[in-house]
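J.: Got a structure here, written out as structure tokens. Questions coming.
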Amino acid sequence: MSFKLPEASPLQRSDFLFGVATASFQVEGATTEDGRGESIWDRFCDTPGRVLGGDNGMPACDHYHRWADDLDMIKSLGFDAYRFSIAWPRIEPESGVWNDKGFDFYDRLVDGMLERGIKPYATLYHWDLPQYLGERGGWVNRDTAYRFADYADRVTRVLGNRVSSYATLNEPWCSAFLSYRLGIHAPGLKDDRMGFQAAHHLLLAHGLALPRMRDNAPTSEHGIVLNFTPAYPETDSQADRAAAAYSDEENSHFYLEPLLTGHYPVAVAERHPEWMPTVYPGDMDAIAADLDFLGINFYTRAVITASGENDYDGVPQQAAKTDIGWEIYPQALTDLLTGFKARYDNLPPVYITENGAADNTPVTNGEVNDQLRVGYYDAHLNAVDRAIQAGVDVQGYFAWSLMDNFEWAEGYSQRFGIVHVNYDTQVRTPKASALAFKAFLAAR
Ligand code: FCB
């Protein structure tokens with residue numbers, strides 16, 4: 001079984017890049033080994049009631065020890081690239097202390113990819129902030145942006161041009177709004193003003209780091225990864241349409257617009273001046289530094305009503321959903337990409353850096369028949385194809401995730417992998433979706 005795309009789809013050309021993605025805290029395990037320091041997610045997991053089932057970063061997928069087998073698996077499935085992230089607390093376990101053993105792990109991992117002909121796509125920050133920075137206010141503290149730039153400098157000095165592509169941040173919307181505004185991710189605070197200030201400091205961190213990364217790795221690509229859950233009005237009423245549009249300003253364009261134009265969206269600043277972050281002279285120029293690529297993570301859409309208590313409120317849908325409860329709506333990915341191209345004349349080349357489904361189908365007789373996930377990937381690859389046909393420059397696509405892993409506040413309850421992981425034995429079983437990718441990639 002494989003995926004079905006239109007004949008001569010650009011996704012079937014060998015220059016279209018296919019990869020799989022993971023993130024350090026979600027797969028590595030080994031949280032106390034080789035001098036790794038504590039992260040805000042270790043602390044959050046230890047806080048009762050925060051993570052489903054009291055789960056934590058152990059054992060995860062024990063990728064810290066099993067990385068070589070995992071790279072073999074990526075190779076045998078036929079993927080071109082591996083998107084992984086670097087754990088800041090392994091590199092800088094205490095403020096200003098640089099841990100050789102932490103660097104060594106990523107050195108081995110990157111060389112292991114190169115030996116196998118897999119392109120390394122590194123993300124410098126996928127949410128595991130060192131706990132000592134969390135204690136100083138985390139991303140609400142401006143100083144964290146400068147600390148990030150120093151860390152990014154060190155890592156890119158060591159890994160240099162061996163890494164094909166560096167992303168500064170993964171999903172700053174989550175690191176800011178989900179973490180400081182909505183209280184769902186570490187550190188679990190609920191304050192609008194803090195959420196917007198954290199967003200600004202994350203974007204600033206990106207902007208401060210970028211020129212140093214370019215100096216250290218001049219032939220690598222440098223960019224950022226944002227997540228989008230595009231909003232659709234529940235009805236065709238003027239009020240619902242305006243509420244949905246405003247939701248996109250706050251949640252999508254508040255992150256993308258400053259990167260591409262050097263300004264925060266006027267719609268947000270006008271409606272909520274009291275939430276606007278403190279910005280120093282020069283910040284916006286740093287944030288708007290040229291990007292080689294924009295990484296887009298897409299899972300689902302939101303349906304919005306104006307008739308709730310807030311500026312906009314989500315309306316649960318009766319439609320088909322993945323096991324985590326997210327609506328399956330692939331056309332939103334096409335609309336998102338074509339909409340960005342229409343709004344921003346300097347939209348950089350795009351990679352879909354994450355896309356995938358929670359499908360908790362268990363192992364039966366040594367197989368995992370995850371048909372929901374197979375259908376999800378088929379539909380979303382076609383959605384990307386339609387966007388490319390409409391003129392959007394999409395260079396590659398990464399499945400989230402290579403394997404089942406620690407799904408943040410959901411613990412180990414939600415499985416996003418194309419490869420099943422048994423957390424007791426660490427046995428990996430490629431699912432039907434992995435085999436569909438393998439067949440698809442082999443046919444290119
Ligand atoms: C994204 C995260 C990724 C994973 C997926 C399901 O928001 O970047 O780590 O948890 O969701």
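The values are calculated or read from the model by the stated rules, or taken from the named source; none is laboratory data. Keep in mind that this is a model prediction, so the values were computed, not measured. Here the Cβ positions follow ideal geometry from the backbone for every residue, glycine too, while neighbour counts run over all protein chains shown. Remember, those area values only see protein heavy atoms, side chains included, never the ligands or the DNA or RNA. Shrake-Rupley method; radii C 1.70, N 1.55, O 1.52, S 1.80 Å.
J.: Hey, how many Å between the Cα centroid of region 25-41 and the Cα centroid of region 371-444?
T.: Centre-to-centre (Cα) distance: 25 Å.
J.: Which residues make up the longest stretch of the chain clear of GluC sites (Glu not before Pro) that lie in a DSSP loop with no more than 13 other Cβ atoms within 10 Å, not counting the sites?
T.: Details: sites that count: 7, 309.
By the stated rule (loop sites, at most 13 other Cβ atoms within 10 Å), 8-308.
J.: Give me a comma-separated list of calculated 3J(HN,Hα) values for region 194-210, in order, Karplus coefficients 6.51, -1.76, 1.60 applied at θ = phi - 60°, integers in Hz, x for any Gly or Pro.
T.: Values per residue, Gly and Pro as x: 5, x, 6, 5, 4, 4, 4, 5, 5, 5, 5, 4, 4, x, 6, 6, 3 Hz.
J.: Right, another one. Just tell me which aspartates and glutamates come within less than 17 Å, Cα to Cα, of residue 341; anything on the same chain fewer than 8 places away is out.
T.: 248, 249, 257, 290, 292, 385, 393
J.: Please state, to two decimals, what the Cα-based radius of gyration of region 308-444 comes to when divided by 2.2 N^0.38 Å (N = residues).
T.: 1.18
J.: Run the quick spin-label model on residue 369 and residue 427: label points 7 Å from Cα toward the beta carbon, then report their separation in nm to one decimal.
T.: Placing both labels 7 Å along Cα→Cβ, they lie 1.9 nm apart.
J.: Skipping prolines and chain starts, which residues have an amide H placed within reach, meaning under 5 Å, of the one on residue 227, given they are 5 or more residues away or on another chain?
T.: Residues meeting the amide H criterion: 171, 173, 297.
J.: A further question on this structure: Once you order the gyration tensor axes a ≥ b ≥ c over the Cα atoms, which shape class does region 153-210 get: rounded for a/c under 1.5, otherwise prolate or oblate by comparing a/b with b/c? List each step's numbers first, then the result.
T.: Details: a/c = 3.50, a/b = 2.48, b/c = 1.41.
Taking the square roots of the gyration eigenvalues as a ≥ b ≥ c, region 153-210 is prolate.
J.: Applying the Karplus parametrisation 6.51 cos²θ - 1.76 cosθ + 1.60 with θ = phi - 60° to the phi angles of region 112-123, what ³J(HN,Hα) value in whole Hz is obtained for each residue in order, glycine and proline being reported as x?
T.: Each residue of region 112-123 in turn: x, 5, 4, 4, 9, x, 9, 7, x, 10, 9, 10 Hz.
J.: Enumerate the amide H contacts of residue 403 below 5 Å, restricted to partners 5 or more residues apart or on another chain; note that Pro and chain-start residues carry no placed amide H.
T.: 418, 419
J.: Could I ask something else about it? Given a Förster radius of 41 Å and the C-beta distance between residue 76 and residue 346 as r, what FRET efficiency does 1/(1 + (r/R0)^6) yield to the nearest 0.05?
T.: Efficiency, from the Cβ-Cβ distance: 0.55.
J.: Let me have the relative contact order for region 10-442, percent, based on Cα pairs under 8 Å that are six or more residues apart. Mind showing how you got there, number by number?
T.: Numbers: 903 pairs, mean separation 72.6, N = 433.
In percent, rounded to a whole number, it is 17.
J.: So, with a 1.4 angstrom probe, what is the percent of accessible area on the chain that is carbon and sulfur? Walk me through the numbers on the way to the answer.
T.: Details: 8060 of 16400 Å².
About 49 percent, which is the carbon plus sulfur part of the accessible surface.
J.: Please report the net charge: other residues with Cβ closer than 13 Å to the Cβ of residue 6, K and R +1, D and E -1.
T.: Values: positive: 4, 13, 386; negative: 7, 378, 385.
Once all neighbours under 13 Å are counted, the net charge is 0.
J.: Still on this structure: Which residues' amide hydrogens lie under 5 Å from the amide hydrogen of residue 313, considering only partners 5 or more residues apart or on another chain, with H built in the peptide plane?
T.: 305, 308
J.: Let me ask something else about it. So what's the gap between the Cα centers of region 163-199 and region 254-328, to the nearest angstrom?
T.: 12
J.: Would you be so kind as to identify which of 376, 160, 356 lies farthest towards the positive end of the dipole of the chain, taking Lys and Arg as +1 and Asp and Glu as -1 on Cβ and the Cα centre as origin?
T.: Result: 160.
J.: Give, as a single signed number, the net charge of other residues whose beta carbon lies under 12 Å from the beta carbon of residue 262, with Lys and Arg counted +1 and Asp and Glu -1.
T.: -4
J.: For the chain, compute Rh as the Kirkwood radius over C-alpha pairs and then the Stokes-Einstein diffusion coefficient at 25 °C and 0.890 mPa s; write the answer in µm²/s, rounded to an integer.
T.: Using the Kirkwood radius from Cα pairs, D works out to 112 µm²/s.
J.: Please list 3J(HN,Hα) in residue order for region 269-281, calculated via the Karplus relation 6.51 cos²θ - 1.76 cosθ + 1.60 where θ = phi - 60°; whole Hz, with x for glycine and proline.
T.: 4, 6, 6, 10, x, 5, 9, 5, x, 6, 10, 8, x
J.: Something else now. With a 1.4 Å probe and every protein chain left in place, work out the accessible area per residue of the chain in Å², rounded to a whole number.
T.: Spelled out: the 1.4 Å probe surface of the chain, per residue, equals 37 Å².
J.: What number, rounded to the nearest 500 deg cm²/dmol, is the helix-based mean residue ellipticity at 222 nm of the chain, given -39500 (n - 2.57) per DSSP H run of at least four residues and division by all its residues?
T.: -11500 deg cm²/dmol
J.: Could you work out the local net charge near residue 79, counting Lys and Arg as +1, Asp and Glu as -1, over the other residues with Cβ closer than 11 Å to its Cβ?
T.: Counting the neighbours of residue 79, the net charge comes to +4.
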